[in-house]
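This report refers to the structure that appears directly beneath it.
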Amino acid sequence: MNKSMKNRHFILPAILLVLFSNCHRIIEPEKTNPSLTLWYDQPAAEWTEALPVGNGRIGAMVYGESENETIQFNEETLWSGQPHDYANEGAHNYLEEIRQLLWEGKQHEAHELGNQHFMSQPFGQLSYLPFGNIELNFPGHQNVTSYRRQLDLGNAVSSVFYEVDGVQFKREVFASEPAQALIIRLEASESKALNFAAGLNSPHEEYEVTVEDNQIILRGKANDYHNELGRDGNPYPKSKLTFEARLRIEHEGGGLVHYDDSIAVVNARKATLFLVAATSFVNYDDISGNPKERCSNYLANLEGKPYQKLKDDHISDYQDLFNRVSLDLGSSEISERPTDQRLTSFYEDEDPSLVSLLFQYGRYLLISSSRTGTQPANLQGIWNDRMAPPWDSKYTININTEMNYWPAEMTNLSECAEPLFSMVEDISFTGQNVAKEHYNLAGWVTHHNTDLWRGAAPINHANHGIWPTGGAWLSQHLWWHYQYTGDKGFLKSRAFPVLKEASRFFADYLVPWPENPEWLVSGPSNSPELGGLVMGPTMDHQIIRELFTNTIEAAEILNVDEEFVAMLESKREKIAPNQIGKHGQLQEWLEDVDNPNEKHRHVSHLWGLHPGDEIHPITTPELAEACKVTLSHRGDGGTGWSRAWKINFWARLLDGDHAFLLLKNLMVPSKSEETNYKDKGGLYFNLFDAHPPFQIDGNFGATSGIVEMLLQSHLRDGNGDFYQDLLPALPSKLPNGKISGLKGRGGFELDITWENEKLLAVKVKSLLGNKLILRHQGKTISRETTAGETLLLGPGDFS
Ligand code: FUC
């Protein structure tokens, strides 16, 4: 074959390819990693099947309907109500009487008095609200083939692919943090084939939609809270927040047709939609923001930036956080199946790659719902489509909010915990007035719920609302941040003031137990949310003991407040200790009255085992045994978050197989109509945790539980150096794997590899130059390190 012949052979197919691709460009789903992809071969039939995207502030749920697509969206500051101080003036006048009634065993009377005089004003808090919906109508797209919708956790882009009459269509949706916008890209494989109408609407009563140039504008005011009056008959504060969203439409080819409240794109090949949204919220005490101006600024920032650049910026921003940790547990052909099928068969096949998907989904959801400068993830993260969502989609602090943040530091997402720290700082102010009015004490206190307005007073009912250790528990997270990062500036200016003022409150709040005045006890309080109002629930004592310990250590590191430290030390000694009861269980209360048949979802008195650190099989074997007894009484079921907490408990008890059983019990399909939550936890097909109903905490608790199986770093030696316990609770069902980028307390980043259930290698990067102590199956390695040093070690290095 001579040269020109060869060229001819080459040129003809090339011309055909160009011609062909011009009229029929092939749009293929990109090849994605099954451990990082949720995908389905049909659209979402309901909200809990839609796929979530979020940039910390704006969240959206993508249904993936071909003909009538709905993208339901939220902005995290759209709540009912207005700035409000919930403290009940003079409530402290009834404190002693409530205590007295409880000492006398008159619990019912204590509840009555509490409900009458000791509760928040009004008797409840306000609600997180949905914002609106983007409606996209694609005429003629009823009967589609080759359908696939997916969420790629590798790049935080959700997409939909399908074919109609030989033309392929693709949608991409992502919520960009750098662009502060939700961005939707629509593409057809043929020119002029993209035709659709776009509109906005909102579930609020007061709103209007208008069209200006290529923008659809939604403006409105938040609905009032769905109940007019609190339980005490006092009205809820009226809603004052205003909001605006704008959808800007750009198209390639074709044109726009404008209607009063919608825009149609005709005969285009591609279009890009930008949704920006804002409210008038500035902070819990200020709602003077201008949503219109905010939206204009957001849009102005996007001006002139091509789609590919916005997408690249989004992916690099996201991957900066997400790519820090990878988990490979192996995969098989099962892993390639659609996610709903994988979830349905998981109880049988135990496909490890679904475990890694769920693990990374927790990290994805945290990055998507909690970024520097945003609100913390609430009970539903930032995703809510209901005007009266379950538990108001607010913050429940007697487990749920904290669970949301368990994975933050350990999975290398420290920055994502920042919104929680800011919220705690806010409440350390609003909680001062509650400390004063309800307890006549200095310092700050908060009870079992809070909202956008940083409510700190007890709500719902005295029998579980009066629980003063919410702030003390939240403070643990600021202390952890210091333990993981060694950031002394943070310790001094942010963590310590919070810890110290919380400790100040509890130092004066504790009272001697009349039956044994040597012991100081908490109360009136409850063991969430079981057994009603009591004096001296075990959980409170564990939390307060740890609060004092953390405050003391922080003061010592900062070299301040010697007298205060001495006072806390002497009080700490006297706090009622953990007790083992007649069934061998850890006692939930001062008295040995636990019911071994109780299956309640909360296992509050095991707080000292997890997330606390005062109970562990290595340090306190008898108490750890008692925790096992308690857990065996409570059983292996419960709500989604309850199962997730039990994964963490069993991992801390060093029983990987039992931890895996709980993980399995969480990874069962749940249906949205199942609202009898007593023993029904599971996952929806979009892998959202089912309380039921949807509650995001179980997703985060599952992620932290998987970490607790592979690495625990909360125990210390006599010098205060942390043990990095490797594979402390490795389940036999996860025999092979590699995790990299996990964080350990003391400033270490660890990659751990195992095979046939045996540790193969560990790579440790020392970030702060602290002493490294690795421990594995009772053997340790100790090394002095320098900051930045990387060590590579194998099982043979342990002695
Ligand atoms: C607590 C829990 C419930 C639910 C609610 C949001 O009240 O007991 O199970 O998680 O918070």
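Quick look at the values:
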quantity	calculated
Folded to 0 to 90 degrees: helix 291-302 orientation relative to the chain principal axis, Cα	50
Along each principal axis, Cα extent of the stretch 636-715, largest first, Å	42, 19, 16
All lysines inside 26 Å of Lys646 as judged from Cα atoms, apart from same-chain residues fewer than 8 positions distant	Lys394, Lys582, Lys599, Lys628, Lys664, Lys671, Lys678, Lys680, Lys733, Lys738, Lys743, Lys758
Proximal lysines to Lys309, defined as alpha-carbon separation beneath 25 angstrom and excluding residues fewer than eight positions away on the same chain	Lys31, Lys170, Lys192, Lys270
Arg324 accessible area, assembled protein chains, probe 1.4 Å, Å²	80
Net charge, Gly373 excluded, C-beta distance under 12 Å - Lys, Arg +1, Asp, Glu -1	-2
1.4 Å probe accessible area per residue over the chain, in Å²	35
Peptide ranges 228-241, 348-361, 623-636, 647-660 listed from the most packed, as the mean C-beta count within 10 angstrom indicates	647-660, 348-361, 623-636, 228-241
Ser332/Thr753 FRET efficiency (R0 25 Å; Cβ-Cβ; nearest 0.05)	0.80
Accessible area of the chain belonging to carbon and sulfur atoms, whole % at 1.4 Å probe	47
Mean ellipticity per residue at 222 nm, deg cm²/dmol - from DSSP H runs of n ≥ 4 across the chain, formula -39500 (n - 2.57)	-10000 deg cm²/dmol
Square roots of five times the Cα gyration tensor eigenvalues for the stretch 23-99, Å	49, 16, 12
For the stretch 136-173 versus the stretch 504-551, the gap between their alpha-carbon centres in whole angstrom	56
The stretch 326-357 and the stretch 202-260: distance between their alpha carbon centers, rounded to Å	40
Whole-Å semi-axes of the ellipsoid equivalent to the stretch 718-799 (Cα gyration tensor, √5λ, descending)	21, 13, 11
Equivalent-ellipsoid semi-axes of the chain, from the Cα gyration tensor, Å, largest first	47, 33, 23
Proximal charge balance of His258 [Cβ under 12 Å; K/R count +1, D/E count -1]	-4
Qualifying aspartates and glutamates (Cα of each under 18 Å from Cα of Lys436; at least 8 residues distant if same chain)	Asp85, Glu89, Glu96, Glu97, Glu425, Asp426, Glu501, Asp508
Per-selection Kirkwood Rh - the stretch 328-451 (Cα, Å, 1 d.p.)	16.9
Summed residue charge, Cβ within 11 Å of Ala245's Cβ, Lys/Arg positive, Asp/Glu negative	+3
Mean Cβ count within 10 Å, highest first, over the residues of peptides 380-389, 212-221	380-389, 212-221
Placed amide H near Leu767: partners under 5 Å, 5+ positions off or other chain	Phe748, Glu749, Gly788
Nearest 10 degrees, 0 to 90: helix 418-439 Cα axis against the chain principal axis	40
Backbone HN-Hα couplings from phi across the stretch 205-220 [Karplus 6.51/-1.76/1.60, Hz, Gly and Pro as x]	6, 9, 7, 9, 10, 10, 10, 9, 6, 9, 10, 9, 10, 10, 10, x
Inter-label distance for Asp312 and Glu46, nm, one decimal - labels placed 7 Å from Cα along Cα-to-Cβ	4.3
Potential extension, Leu792-Gln319 segment - 0.36 nm per residue separation minus Cα distance	167.7 nm
For the chain, with +1 on Lys and Arg beta carbons and -1 on Asp and Glu, the positive-most of Leu327, Pro468, Ala729 along the dipole	Leu327
The chain, dipole about Cα centre (Lys/Arg Cβ +1, Asp/Glu Cβ -1), debye to the nearest 20	2160
Overall Cα dimensions of the stretch 584-742 - principal axes, largest extent first, Å	53, 46, 24
Sorted peptide list for 145-151, 113-119, criterion being average Cβ within 10 angstrom, highest first	113-119, 145-151
The stretch 749-789-the stretch 75-135 distance, computed between alpha-carbon centres (Å)	47
Helix 470-485 vs. the chain, principal-axis angle (Cα, 0 to 90°, nearest 10)	70
J(HN,Hα) series, the stretch 80-85, from Karplus relation 6.51 cos²θ - 1.76 cosθ + 1.60, nearest Hz, glycine and proline x	7, x, 6, x, 7, 9
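The values are calculated or read from the model by the stated rules, or taken from the named source; none is laboratory data. For clarity, every value in this text was computed on a predicted model and none was experimentally measured. Using ideal geometry, Cβ is built from the backbone for each residue, glycine included, and neighbour counts are taken over all protein chains shown. Surface accessibility is based on the protein's heavy atoms, side chains included, excluding ligands, DNA and RNA. Shrake-Rupley method; radii C 1.70, N 1.55, O 1.52, S 1.80 Å.
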